[in-house]
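The values are calculated or read from the model by the stated rules, or taken from the named source; none is laboratory data. Small disclaimer: the values here were computed from a predicted structure and weren't measured. Neighbour counts run over all protein chains shown; Cβ positions are idealised from the backbone, glycine included. These accessible areas exclude ligands, DNA and RNA; they are computed on the full protein's heavy atoms, side chains included. Shrake-Rupley method; radii C 1.70, N 1.55, O 1.52, S 1.80 Å.
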Amino acid sequence: MSWDELYETARTIVADDKGILAADESTGTIKKRFDSIGVESTEENRRAYRNLLFTTAGMEEYIGGVILYDETIRQAADDGTPFAELLASKGVVPGIKVDTGAKPFALFPGETVTEGLDGLRERLEEYRELGARFAKWRAVITIGNGIPTDACIHANAHALARYAALCQEAGIVPIVEPEVLMDADNSIETCDEVTGRTLIALYAALYAFDVHLRGTLLKPNMVIAGKGSPSQASTEQVASMTVHNLKRHVPSLVPGIVFLSGGQSEVQATENLNAINRIGGPWPLSYSYGRALQASALTAWGGEAANVEAAQAAFLHRARMNSLAVAGQWEASLEEQVAASR
Ligand code: 5MM
């Protein structure tokens, strides 16, 4: 492994206005998604759904990397090609979620710490053999009465840094994802403050553990009011506070920032990303969306083979819209044209 190789992998994922498809829903999360469309979450249905996404013709124009789940990286497309090999053949970098989930943080009610460090060195070695060239670890920071505590922020930053160091040792680019949830009723100012505290702790830990920032990607939340807040900020305010916060806290040599969508609607996630890129920063500002790339496709599919084409069209459209947003060239009228043509 060379440091340049890690840097090149990170750069490739976000080159040419591309972003990441987060298709690493764990078994519990994908069951929730399938429940919402009335589809049973069997191993074959999960494979068929991922097959639909990954075989979408032209997705590689907009998607530079796909995050897989442990089960998915061991599965294959309809023609028998392992998913990781299929993606790599399209020039899409295969990635893998390696955390084992956010678990209750002992003695800190309402907070979580993400687990998965035990045995990680060996798992990374196997994932690399299976084709993974980047990884993801998601820490969850919850806003509430008296939380997040510094203890929670620091425990999660510490785990992210240890994970990142192990990834780099294995020749795998770590995506560090410290997600400040947007589920509460807090103001945008509170999200701004908590995101700042979280990023300060994260980069202090990464420096302390000698992680080479040029061989990492950051996956943050946007600075946004909680879903339950009566005063929702404008797109312009979300964009300017997000870029300002990142400029204050993220070193400019980080090769890319890929936002999570966090429960925003598909179009809202695209519109905010577009506004963010109209301001811009020293890093590529792209996406690593799960729900905001898949929601329409999932609904269009509904578990029916006859709907695969329509679902692929929905997925390709969202990928294209987000890639345009990375270029700051998205317009609301592009969404309306597609809706009208359906
Ligand atoms: C796709 O969902 C990912 C896995 O979630 P679980 O571990 O809870 O099953 C998730 O980490 C995702 O990558 C991020 O939350 C970003 O997805 P969204 O939907 O927020 O863009």
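What to note about this one:
- Available extension along the chain between Glu193 and Glu169 is 5.4 nm, counting 0.36 nm per residue and deducting the alpha carbon span.
- Cross-link reach is defined here as a Cα-Cα straight distance under 14 Å, omitting same-chain residues fewer than 8 places apart; for Lys97 the aspartates and glutamates meeting it are Asp24, Glu25, Asp70, Glu71, Glu115, Glu125, Glu126, Glu177.
- Summing Lys and Arg as +1 and Asp and Glu as -1 over all other residues whose Cβ lies under 11 Å from the Cβ of Leu87 gives a net charge of +1.
- Calculated FRET value between Glu8 and Glu122, using beta carbons and R₀ = 41 Å, to 0.05: 0.95
- Comparing Gly228, Gly328, Gly290 in a Gaussian network model of the chain (Cα springs below 10 Å), the most mobile by mean-square fluctuation is Gly228.
- Solvent-accessible area, 1.4 Å probe, carbon plus sulfur percent, for the chain: 50 percent
- Long-range HN-HN contacts of Ser286 with modeled amide H, under 5 Å: Ile257, Val258, Phe259
- Distant-in-sequence amide contacts of Ile175, defined by a placed amide H-H separation under 5 Å and a gap of 5 or more residues or a different chain, comprise Ala135, Lys136, Trp137, Leu217.
- Cα-centre dipole for the chain with unit charges at Cβ (Lys and Arg positive, Asp and Glu negative), debye to 20: 360 debye
- Our summary gives the chain a relative contact order of 18 percent, counting only alpha carbon pairs under 8 angstrom and 6 or more residues apart.
- Approximating the spin labels as points 7 Å out from Cα along Cα→Cβ, the Ala57-to-Glu43 distance works out to 3.2 nm.
- Among residues other than Leu130 with Cβ under 11 Å from its Cβ, the summed charge is -1 (Lys and Arg +1, Asp and Glu -1).
- Here, the chain has an Rg and a Dmax of 18.8, 54 Å when only alpha carbons are counted.
- Since only Pro282, Leu120, Ser323 are under comparison, the one whose Cα sits farthest along the positive direction of the charge dipole of the chain, derived from C-beta charges on Lys, Arg, Asp and Glu, is Pro282.
- Accessible area (Å², per residue) of the chain, counting only protein heavy atoms and a probe of 1.4 Å: 40 Å²
- Ratio Rg/Rh [Cα only; Rh per Kirkwood] for region 282-338: 1.05
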